[in-house]
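A short write-up of the structure that comes next.
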Amino acid sequence: MKFAFSEISIPKRGSLAVAIYADKAFSPTAEVVDKKTKGALSRALETSRFTGKQGDFLEIAAPSGLEVSRVVLFGLGDPEKLTTTDMETLGGSLVKRLNTAGARSVTVILDELNAKEFKTNEAAASIAGGAMLGSYRFRKYKTDIDEAAEPTLARMTVSCKGSATARKAFADIEALNEGVFLTRDLVSEPANELYPESFAGRCLELSDMGVHVEILDEAKMQRLGMGALLGVGQGSRRDSRLVIMQWNGATTKKAGKKPLAFVGKGVCFDTGGISLKPGPGMEEMKWDMGGAGTVTGLMKALAGRKAKVNAIGVIGLVENMPDGNAQRPGDIVKSMSGQTIEILNTDAEGRLVLADALWYTQDRFKPEFMIDLATLTGAIIITLGHENAGLFSNNDELSEQLFAAGKAVGEGVWRLPMSEAYAKQTKSPIADLQNIGTGGRGAGSIVAAEFLQKFVNETPWAHLDIAGMAWSKADKPITPKGGTGYGVRLLDKFIRDNYEGK
């Protein structure tokens, strides 16, 4: 799908989309269109339930007085209360409605808005950005194509005053969305196609964008003492990998002093190991690498828009399989930190991968902070559902910054408590740590976060448990059914607002 921007004018072909405000108030362009069509818009509103609130749509086919094939009225509600996410949702919703209608092109006219959060040309760029996100489909393995169900919309033009500025703003949004698309692609891939070695190969492709990529094989990780990570993957015939991606875009000494570090859990398939998961639903465990997918997509987004920061992305890539060489409950492994870990449940494997990845990152790079992302616990879904990721941190400022960024882009996080009372549950009677808590199923997500904190030293750190967010069973305006790409936009916003160019 292609996107363009223009100054305001009524198109002579395709579809036209114009705004109606709360209580059926016409936008300036809607008034012009109503006059050209001799009151067709007014008559349509009189005989419909359309009120102009956000989410309202009304289609008028081939109105007399215009050369377009249809006019789509969209509700904006109170313009002063509009947010960036509202505009993105509008763009995604328009794409889905027009594809259903069989439209091939649309011009969306956005008159001057008196919104508090953004300028009109920024809103125009956000509409196109939301439309781009809403257009995503993972069709790589489909051979039986139903042409009648295929998307038809090939072009969207957003018309507004100051269209050149909107076009420039969209360039950054487009680069960000390409990072989201990479994450969605990775999370959607089946495990027979995306495994540690092939995932590392996908990361290596970012070298063409200026990202420096290193790949550590099992021999190198063995020499570094990464017994926790390697123990998870020892039951698979696929060798494990650790990938380090570096984007060096800082333009000032202050911004480049310490890199920003992002660490991702990349369990490319999780059977649970010897502590085998139930069969029903196990096919979904192909997305247990969602945290690594987000980190990889973020690195692509930062490189794509030439972000003025130095950022590190580290991902631990393994498969958790139950063969004769697999790790057993009761085994004890030694992590890179030197701490020993008693394995009580081989399905609590993600924290073992992150233990070595986090320690490696803070030890080698001495970063400004570390943020890890992981589809870590089913317990977080019980706690927060599919509306927010769980946030755990040793730093209040970092937590507040992430919360604000998540709210701004519609990718919510919610902070949960951490304390010594929870941390005590990670202590083993025969090793330094154990990989599940002593309290049974209670506070499972918190205890997992306390385990991770043992591997961050004094580095400011946040852990995002995205188990409820990386995959969706419902299709939404800007988020498809399947891999969501959650976290890329959240972290990009976090970086822009707090670190870029500073």
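The values are calculated or read from the model by the stated rules, or taken from the named source; none is laboratory data. Since we're looking at a predicted model, the values are computed, not measured. Backbone-built Cβ (ideal geometry, glycine too); neighbour counts: all protein chains shown. Just so you know, the surface numbers come from the protein's heavy atoms only, side chains and all, with ligands and any DNA or RNA stripped out. Shrake-Rupley method; radii C 1.70, N 1.55, O 1.52, S 1.80 Å.
Does residue 449 qualify as being crowded, with 16+ Cβ neighbours inside 10 Å and not polar (S, T, N, Q)?
Answer is yes for this residue.
Of all residues being charged (D, E, K, R) and either more than 24 Å from the chain's Cα centre (by Cα) or under 14 Å from residue 495 (Cβ atoms) (or both) in the stretch 232-264, which is modelled with the lowest pLDDT? Just the residue, please. If you could, list the steps in order and put the result at the bottom.
Keep residues of the stretch 232-264 that are charged (D, E, K, R), which gives 237-239, 241, 253-254, 257-258.
If we keep only those that are either more than 24 Å from the chain's Cα centre (by Cα) or under 14 Å from residue 495 (Cβ atoms) (or both) too, we end up with 237-239, 253-254, 257-258.
Numbers: 237: 97, 238: 98, 239: 98, 253: 74, 254: 71, 257: 83, 258: 94.
Once the filter is applied, the top-ranked residue is 254.
How many residues are open to solvent by 80 Å² or more (accessible area, probe 1.4 Å) and either among the charged types (D, E, K, R) or under 28 Å from residue 299 (Cα atoms) (or both) if we restrict to the stretch 240-283?
Adding up the residues that qualify gives 7.
May I ask you to say which residue of 439, 468 is under 19 Å from the mean Cα position of the chain (by Cα), assigned to a loop (DSSP other than H, G, I, E, B) and farther than 22 Å from residue 173 by Cβ?
Numbers: 439 fails: under 19 Å from the mean Cα position of the chain (by Cα).
When all the criteria are applied, what remains is 468.
Give me the pairs: first residue in the stretch 414-425 and open to solvent by 70 Å² or more (accessible area, probe 1.4 Å), second residue modelled with pLDDT under 95 and not in a helix (DSSP H, G or I), beta-carbon distance under 8 Å, and six or more apart or on different chains, which are they?
Cβ pairs passing all conditions: 424/438.
What's the number of the condition residue 171 fails, among (1) of a type in the set (A, V, I, L, M); (2) surrounded by 24 or more Cβ atoms within 10 Å (Cβ to Cβ); (3) under 21 Å from the mean Cα position of the chain (by Cα)?
Of the numbered conditions (1) of a type in the set (A, V, I, L, M); (2) surrounded by 24 or more Cβ atoms within 10 Å (Cβ to Cβ); (3) under 21 Å from the mean Cα position of the chain (by Cα), the odd one out for residue 171 is (2).
Of all residues in the stretch 203-228, how many are open to solvent by less than 30 Å² (accessible area, probe 1.4 Å), within 19 Å of residue 352 (Cβ to Cβ) and either free of Cβ contacts under 8 Å to residues at least 60 places away in the same chain or touching a Gly at 6+ places or on another chain (Cβ under 7 Å) (or both)?
1
Among all residue pairs at least 6 apart or on different chains, which show Cβ distances below 8 Å where the first residue, located in the stretch 167-189, is under 16 Å from residue 483 (Cα atoms) and the second is open to solvent by less than 10 Å² (accessible area, probe 1.4 Å) and polar (S, T, N, Q)?
Filtered contacts from the stretch 167-189: 182/296; 183/294; 183/296; 186/296.
Out of all the residues in the stretch 143-163, is one or more assigned to a helix (DSSP H, G or I), among the aliphatic types (A, V, I, L, M) and touching a Phe, Trp or Tyr at 6+ places or on another chain (Cβ under 8 Å)? Before you say what the answer is, go through the steps one by one.
Looking only at the stretch 143-163, we keep the residues that are assigned to a helix (DSSP H, G or I), and these are 147-149, 163.
When the remaining residues are screened for being among the aliphatic types (A, V, I, L, M), the result is 148-149.
Still in the list and also touching a Phe, Trp or Tyr at 6+ places or on another chain (Cβ under 8 Å): none.
No, the stretch 143-163 contains no residue that is assigned to a helix (DSSP H, G or I), among the aliphatic types (A, V, I, L, M) and touching a Phe, Trp or Tyr at 6+ places or on another chain (Cβ under 8 Å).
Please return the ranges of strands (runs of 3 or more DSSP E) entirely within the stretch 1-107 where 1 or more residues are acidic (Asp, Glu), open to solvent by 20 Å² or more (accessible area, probe 1.4 Å) and touching a strand residue (DSSP E or B) at 6+ places or on another chain (Cβ under 9 Å).
Numbers: elements: 2-6, 15-21, 57-61, 70-77.
Those strands (runs of 3 or more DSSP E) span 57-61.
Pairs under 7 Å by beta carbon, first residue within 16 Å of residue 321 (Cα to Cα) and open to solvent by less than 30 Å² (accessible area, probe 1.4 Å) in the stretch 191-202, partner of a type outside the set (A, V, I, L, M) and in a helix (DSSP H, G or I), six or more apart or different chains?
Listed pairs, sorted by first residue: 191/286.
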